[in-house]
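Structure first, commentary second.
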Amino acid sequence: MKLPLFQVDAFTDTLFSGNPAAVCPLVTWLPDTTLQAIAEENNLSETAFYVSAGREFHIRWFTPTVEVDLCGHATLAAAHVILNHTGHESNSVHFTSKSGPLSVVRDTDYLVMDFPAQRPEGRQIPAELIAALGREPLELFSSADYMAVFHDEDALLSIQPGFELLKKLDLRGVIITAPGRATDFVSRFFAPKFGINEDPVTGSAHCLLAPYWSERLGKSRLTGRQLSQRGGEVVCEIRGDRVSLAGKAVTYLEGLITIVAP
C-alpha cells in the first residue's frame, strides 16, 4: 500500500520556519495503531490524516505519541494541501473533527481557520509550575492548557523549562505569554507529556491566547508571534465564541509512504 504524504511549513511563507506538519490523505481510515506508527515515524509535532466525506473532510491529528482533539497548524497544513494539491475547486475547506466543525477559507495569501474560542479561567499558581518554569508568572489561567502571563518578551526568552517537571502537570501543556514589542503579544508552548517539548507555532494555543489578549488590550483583531527557534505569526480575530486564526503555509515535501502488510 502506498499513501501520499505532504510536509507543510505552517504559519509562515518561508521554508524552514513556522511549524512543520505532515499531512496524509486517506481513502478510508486505517487502524489507529497504523496511524500512530506513521506519526511516530514522521517524528513531527503533528501528523494530520483526513478522509473525504462528501463535501466535508474528516480530520484527525496525532503527535508522535498520542492522538489529540485539536491542532491548529496541522489543520492549516491539511487545508493548504487540499486547496493546492488535490484539484479542490472551492476556496474553502470544511472539516469534521473531535472538536466539532472546523472551516478554513483562503483569503488572498492567508488561510483563515474558524476555531472554538477557549475562555481563560484564573487559577492559583502551583509551586510545581513555578519550579518547572524556573520563575513565577504574574498571573495564571487555564482551559485545555495552562497559560502563564509574564511581564515582557525578555522574560519569555529567558525561561528554560524543566520538561520532566512539566510532564507531571495535569493539563495538556503550558503556554507562556507576554506583551509583544512588534506584535500584540508573544508566546511559547510546551507539551512534553504529548511528546512535544517546545512546539514551534501552536494554533490551538491561540484559542486561549486570543480571548485573553483581546480583553486585556480592548481590541478584537490581534497579531501574535510564537518565540520558538523557528518562529511564526498568527493573526487572530475574536468572533463571539469562535476565533479566527489566519496564517500562511508553504509546501516543503511531497512523497509516498509504503506500508507493507504483515
Quiz item: Just checking, which of Tyr110, Tyr146 is modelled with pLDDT of 95 or more and either in contact with an Asp or Glu (Cβ under 8 Å, 6 or more places away or on another chain) or outside the structural domain of Ala205 (by TED's automatic domain parsing) (or both)?
Solution: Tyr110
Exercise. Mind telling me which of the residues Glu56, Glu46, Glu67, Glu40 ends up being acidic (Asp, Glu), farther than 28 Å from Gly231 by Cα and in contact (Cβ under 8 Å) with a residue 24 or more places away in the chain?
Key: Glu56
Quiz item: In segment 112-126, how many residues are touching a strand residue (DSSP E or B) at 6+ places or on another chain (Cβ under 6 Å) and either in a loop (DSSP other than H, G, I, E, B) or free of Cβ contacts under 8 Å to residues at least 12 places away in the same chain (or both)?
Solution: 4
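Quick one: which strands (runs of 3 or more DSSP E) lie wholly within segment 146-262 and hold at least 2 residues that are out of contact with any strand residue (DSSP E or B) (no Cβ under 7 Å at 6 or more places or on another chain)?
On the way: elements: 146-149, 174-179, 185-190, 221-226, 232-239, 242-247, 249-258.
In segment 146-262, the matching strands (runs of 3 or more DSSP E) lie at 232-239.
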Quiz item: Taking Ser52, is it of a type in the set (Gly, Ala, Ser) and not in a strand (DSSP E or B)?
Solution: no
Quiz item: For segment 74-125, how many residues are of a type outside the set (Gly, Ala, Ser), within 14 Å of Ala21 (Cβ to Cβ) and under 15 Å from the mean Cα position of the chain (by Cα)?
Solution: 6
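Does Asn91 satisfy the criteria of being surrounded by fewer than 15 Cβ atoms within 10 Å (Cβ to Cβ), in the same structural domain as Glu254 (by TED's automatic domain parsing) and polar (S, T, N, Q)? Write out each step before concluding.
Values: surrounded by fewer than 15 Cβ atoms within 10 Å (Cβ to Cβ): yes; in the same structural domain as Glu254 (by TED's automatic domain parsing): yes; polar (S, T, N, Q): yes.
In short, yes.
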Self-check item: Residue identified as surrounded by fewer than 20 Cβ atoms within 10 Å (Cβ to Cβ) and either within 13 Å of the chain's Cα centre (by Cα) or farther than 30 Å from Leu30 by Cα (or both) among Glu215, Glu254
Solution: Glu215
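The values are calculated or read from the model by the stated rules, or taken from the named source; none is laboratory data. Everything numeric in this text was worked out from a predicted model, so none of it was measured. For neighbour counting, all protein chains shown are included, and Cβ atoms are generated from backbone atoms with ideal geometry for every residue, glycine included.
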